[in-house]
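A.B. asks: Pasting a structure here, questions to come.
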Amino acid sequence: MTHGNGAYKRAGVDIDAGNHTVSLMKQAVRSTFTPQVLSDVGSFGGLFDVSNLKSMASPVLVASTDGVGTKTRVAARLNRWDTIGQDLVNHCINDILVQGAQPLFFMDYIATSKVIPDQLAAIVGGMAAACKLAGCALIGGETAEMPGVYAPGEIDVAGTIIGVVEYGDLITGTCIEPGDAILVLPSNGLHTNGYSLARAALAGMDWSTPRDDLGGESIAAALLEPHLSYLDAINTLQHNGIEMRGMAHITGGGLIENLPRILPDGLGADIARAVREPPIFDLIQRMGRVTTEEMFRVFNMGMGMLIVTPAGIAGDAAALLVDDSDNDAIGEAYIAGFITDDGQINVRMERL
């Protein structure tokens, strides 16, 4: 039988390009495989052996699905595709971390108007790199070429992560009490949220030239900073016996809307601390004429993860996370405020 790709290709779908994409990403994907992975790239379903969970008293699977939103438009403008895969994986890792889960495996979904093999291989390569660092297997995914659904040049990237935690180690926020301290793990930029506003505010500017007000970075570099994973930081605290009563990953909705998601009814927070935020936020606010209130509702504003601990051990927890990376944009963990009993989120941040 003769294999054809003519009519379908004329309709906008190139089977050969899809196959070539898979061949380019195979090595990167296989590099993430742990001994629990039982299937290879291209299988109809990813297979993951969970028999080792029998050693756990009461294992709970934790799942999360998310995307990188319009950060893909930034990648497209710069034709740089090696970071948004990292963004996706690290975002999903952080989402299950807040409940105490360790990642097991990840699956991705990429939809585009036209398959460009090198582009998609770069995206999946970023996913594989982030998965490998986290000890998380990339066991499958889907690449969908959908002309007519997506405009020319458009691409969407999403993924699902599965992790596990002992039932007795679940972090739910139910134990949070007034007087508990709020520890901040800083971000290095926008992570994966607020890009529609950021692109609108900075649309008419030069994105490629280094700027003094960005610490010598270009706008492009600042916007493409990969979403940080807090896996190592949380594991450090856990291994040192730090009680974490609740965690909030600061994503869409900012601090104002994400912290209340973990607070018991009637509790609030008083956050008042000088914070060194990545300078890209100030530039967005100035150029977009955005109010401070809206900035804190849209962006993480330099706060990537909040951890609620008993006040008496918060200082010890922060000391365990002293930054030795020499990256001033990341900084060190710090105590930003305390839990209150008034049901309000009061933010009085002095921005350095």
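Readers should treat all values here as calculations from the given coordinates under stated rules, not as data from a laboratory. If you're wondering where the values come from, they're calculated on a predicted model, not measured in any experiment. FYI the Cβ positions are ideal-geometry reconstructions off the backbone, even for glycines, and counts take in every protein chain you see.
A.B. asks: What spacing in nm lies between the two simple spin-label points modelled at E154 and E142, each 7 Å away from Cα in the Cβ direction?
C.D. replies: 1.8 nm
A.B. asks: Using alpha-carbon pairs under 8 Å, 6+ residues apart, how would you state the relative contact order of region 6-169 in percent?
C.D. replies: 37 percent
A.B. asks: Using only the Cα atoms of region 6-169, build the gyration tensor, take square roots of its eigenvalues as a ≥ b ≥ c, and label the shape rounded, prolate or oblate: rounded if a/c is under 1.5, else prolate if a/b is larger than b/c, else oblate.
C.D. replies: Cα axes put region 6-169 in the prolate bin.
A.B. asks: Please give me the summed charge of the neighbours of Y195: other residues whose Cβ is under 10 Å from its Cβ, Lys and Arg +1, Asp and Glu -1.
C.D. replies: Net of charged neighbours comes to +3.
A.B. asks: Out of all DSSP beta bridges with both ends in the chain, state the antiparallel percent to the nearest 5.
C.D. replies: 75 percent
A.B. asks: Run through region 35-107 and list the chymotrypsin sites (Phe, Trp or Tyr not before Pro) located in a DSSP loop whose Cβ has at most 15 other Cβ atoms within 10 Å.
C.D. replies: Passing sites in region 35-107 are F44.
A.B. asks: Arrange D87, D16 by Cβ neighbour counts within 10 Å, fewest through most, would you?
C.D. replies: D16, D87
A.B. asks: Follow-up. If amide hydrogens are placed 1.01 Å from N in the peptide plane, which non-local residues have theirs closer than 5 Å to the one on I171?
C.D. replies: G100
A.B. asks: In terms of Cα to Cα distance under 20 Å, which lysines are near enough to K71, apart from those fewer than 8 places away along the same chain?
C.D. replies: Cα-Cα hits under 20 Å: K114.
A.B. asks: Let me know the longest stretch in the chain that avoids all trypsin sites (Lys or Arg not before Pro) found in a DSSP loop with at most 16 other C-beta atoms within 10 Å.
C.D. replies: The longest such stretch corresponds to 81-272.
A.B. asks: Provide D49, D95, D265 in ascending order of the number of other Cβ atoms located within 10 Å of each residue's Cβ, fewest first.
C.D. replies: D265, D49, D95
A.B. asks: Find out how many positive minus negative residues lie around M146, taking Lys and Arg as positive, Asp and Glu as negative, among other residues whose Cβ is under 10 Å from that of M146.
C.D. replies: Summing Lys/Arg as +1 and Asp/Glu as -1 gives -2.
A.B. asks: For region 181-351, what proportion of DSSP beta bridges, expressed in % and rounded to the nearest 5, is antiparallel?
C.D. replies: Antiparallel bridges: around 80 percent, rounded to the nearest 5.
A.B. asks: Can you compute 3J(HN,Hα) from phi for each residue in region 256-268, using the Karplus curve 6.51 cos²θ - 1.76 cosθ + 1.60 with θ = phi - 60°, rounded to whole Hz and x for Gly and Pro?
C.D. replies: 4, 9, 8, 4, x, 5, 10, 8, x, 3, x, 9, x
A.B. asks: Straight-line reach from K54: which aspartates and glutamates have Cα under 14 Å away, leaving out those fewer than 8 places along the same chain?
C.D. replies: Answer for K54, where 14 Å is the Cα cut-off: E166, listed by chain and number.
A.B. asks: If I model a spin label at E294 and D342 as a point 7 Å from the Cα along the Cα→Cβ vector, what separation in nanometres do I get?
C.D. replies: Between E294 and D342, the simple spin-label model gives 2.7 nm.
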